[in-house]
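First up is the structure itself, then whatever we jot down about it.
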Amino acid sequence: MKSSFSRSFCITAAILLIAMTILGASFQMQVNQYLTNQTVSNLQKNADAIADLASAYSRNGGLSNRAFQLNLIIASQVSGADAVVCDSEGNVVLCSDAPTGCEHQGLQLNREYLHKVIDNGGDTATGIIRGLYTDRRYVVSEPIPDGDDVGGIVLVSTPTLATTQIMNRISNIFLTAALFVVLISVLAVTAFARRESKPLKDMAKTATAFGHGDLEARVKVEDEYSEEMEELAVAFNNMAVSLQKSEYQRQEFVANVSHELKTPMTTISGYIDGILDGTIPPEKQEHYLRIVSDETKRLSRLVRSMLDISQLQKEEGIPEEKKMHFDLEDCAGQVLITFEKKINDKHINVNVDMPEHPVYTMANPDYITQVIYNLIDNAVKFCPEGGNLGLTIKEGGSKAYVSISNDGETIPPEELPLVFDRFHKLDKSRSQNRDGWGLGLYIVKTIVCSHGEDISVSSKDGKTEFTFTMPLVN
C-alpha cells in the first residue's frame, strides 16, 4: 500500500515527465520546421538569382562564360550553399565546387527528375542527390529560361547536417534545463508532500492511540496546517470528544445499572434462599414473598423505563402521526386524581391554578401523561407532611406552560444541572427513595425534548418547581 507521500511523488513525477516530453517534442518540431523553412527559403532565393544570372549569361556567350563562373563561386560562398548548373539534357556543366572542372561535370541527372523540374517550374526536396552528393541535403531546383525554351536547370543545395547540429545543441540545452526543472520540482514536491502528509500521520497516530483506549488523545492543530487539514483535525477532535463522552456515559450507565440491580437481586436471592433452606419460618414466608414480589416489580419498572428511553431516543422525535389534539388541563387533572390517596396520607395541601377554558395542545397524550405523572410523583415523594403541592397551567404566546411545585428541602445550586441526568439522585447513598431509580426525570426530559420543547427546574427558599412547555393550539 502506497503512502500519501509516495502517491503524490509518483503522480507529480509522471505529470512532469509527460509535460516535459510533450513540451520538448513540440518545441523540437517547431524549431526544426522553422529552420527547415528558413533554409529552403534562402535556397529558393539563391536558386532564383542563379537561374536568372545563368539565363542572362546563356544569351551572352553561354554558361562557360568566365564572369558567370566567378559569380557562381561568389554566390555559393556568400550563401553557404552548393550550386550545380545542368544543360537542357541534364548534363552537369558547372559546379560551385570547381567551376572550371570537377568530378561532378559530365554527370547526368535522372531525366524523370529533369522533366519534373522543367514541367513544374521548379522543385523542392530533402534527401540524397544520387551521383552528385552522398550526404542528405535540402535541394531547390529551378529551370533556366532561354527565350521560350529552357536552357537547363540550377540545383542549389545545402547539407541537413547543419540543421541537425543546431537541433542537437538545442536538445542538449533543453534536456539540461528540463533535468534542472525536474530536480527542483522533485525537491519541492518532496518537501511539500512531507509537510502535507505530516498532519495525516499525526491523525493516524492519534486515532491508533484512541482506538487502543487512550480517550484523552487529540490531534494538535498547528498554525501551518492548511484550511482543509485544520477542518479535518477539528472534526476528528470533536468526534473524539463525542466518543469519549459516549464511552463515559456508557461506563456510568453500566455502573449505575449494576449498582441498582445488585440490591434487589441480593434481596430476592437472600429471601428465596432463606425460604428454601428453612431459615425463614413458614409463618413469615408470606411477608418476605411480598417483599420479593415488590422487588421484582421494581426491576420490571426499571426495564420498562429503559425500554421507553431507548424507544424515544431511537425515534429522534415524536412522529406527527402519534400526536393528538387534547386538553392539557383534563390530562393533568386525571393524573392528579390518581395521587389522591398518597396526598391524603401525607396531608398535603394541593393548589391548582388553571385557566377556566380548555388549554389544547398537539402532542402524544400517553407520553405527556407520563411526564406529568413522574413530576407529580416526585413532588408528592419529596413534599413533607402537611406541605404544599402546586399544579399550574398558563398560556403565553404560542406556548402552554405546565408547572408542578412542592415544598421541601432546597436543591443545592450545583445539583440543579444534574437532576435530569440518568440515574442521578440527590441522595448519593441511595438509602432513601428506594422506589425510584433516578430515571424519572431523565425520561421526563427525553419526552419533552422529543416534542421539540423544553423543561426547566428552580429551587429556592424551600420550594422546588419544574416547568415544561407544550405547543398551544387554538
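Annotations for the structure displayed:
- Scan of the stretch 220-233 for residues that are farther than 15 Å from Phe210 by Cα, in a helix (DSSP H, G or I) and of a type in the set (A, V, I, L, M, F, W, C), ordered by number: Met229, Leu232
For every residue, the table says whether it meets (1) at pLDDT below 85; (2) part of a helix (DSSP H, G or I); (3) basic (Lys, Arg).
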| position | (1), (2), (3) |
| --- | --- |
| Arg7 | yes, yes, yes |
| Ile22 | no, yes, no |
| Gln30 | no, yes, no |
| Tyr34 | no, yes, no |
| Leu43 | no, yes, no |
| Ala47 | no, yes, no |
| Ala75 | yes, yes, no |
| Val78 | yes, yes, no |
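- Residues of the stretch 351-368 satisfying the condition of being among the β-branched types (Val, Ile, Thr) and crowded, with 18+ Cβ neighbours inside 10 Å: Val359, Thr361, Ile368
Let's see how each residue does on (1) small (Gly, Ala, Ser); (2) touching a helix residue (DSSP H, G or I) at 6+ places or on another chain (Cβ under 7 Å):
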| site | (1), (2) |
| --- | --- |
| Ala162 | yes, no |
| Asn168 | no, no |
| Ser171 | yes, yes |
| Glu196 | no, no |
| Ala207 | yes, no |
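- Within the stretch 12-23, residues that are in contact (Cβ under 8 Å) with a residue 60 or more places away in the chain reach partners that are surrounded by 11 or more Cβ atoms within 10 Å (Cβ to Cβ) and hydroxyl-bearing (Ser, Thr, Tyr) with beta carbons closer than 9 Å, at six or more positions or on different chains, in the pairs Thr12/Ser185; Ala13/Ser185; Leu16/Ser185.
- Just one of the listed residues (Thr164, Thr160, Thr126) is free of Cβ contacts under 8 Å to residues at least 24 places away in the same chain and more than 14 Å from Ile50 (Cβ to Cβ), namely Thr164.
Per-residue answers, yes or no, for (1) within 21 Å of the chain's Cα centre (by Cα); (2) modelled with pLDDT of 80 or more; (3) surrounded by fewer than 14 Cβ atoms within 10 Å (Cβ to Cβ):
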| residue | (1), (2), (3) |
| --- | --- |
| Ala193 | yes, no, no |
| His212 | no, yes, yes |
| Glu228 | yes, no, yes |
| Lys245 | no, no, yes |
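- Single match in Gly151, Gly122 (criterion: modelled with pLDDT under 85, under 23 Å from Phe68 (Cβ atoms) and among the small types (Gly, Ala, Ser)): Gly151
The values are calculated or read from the model by the stated rules, or taken from the named source; none is laboratory data. Because the structure is a prediction, the values reported are computed rather than measured. Note that we place each Cβ from the backbone using ideal geometry, even for glycine, and neighbour counts take in every protein chain shown.
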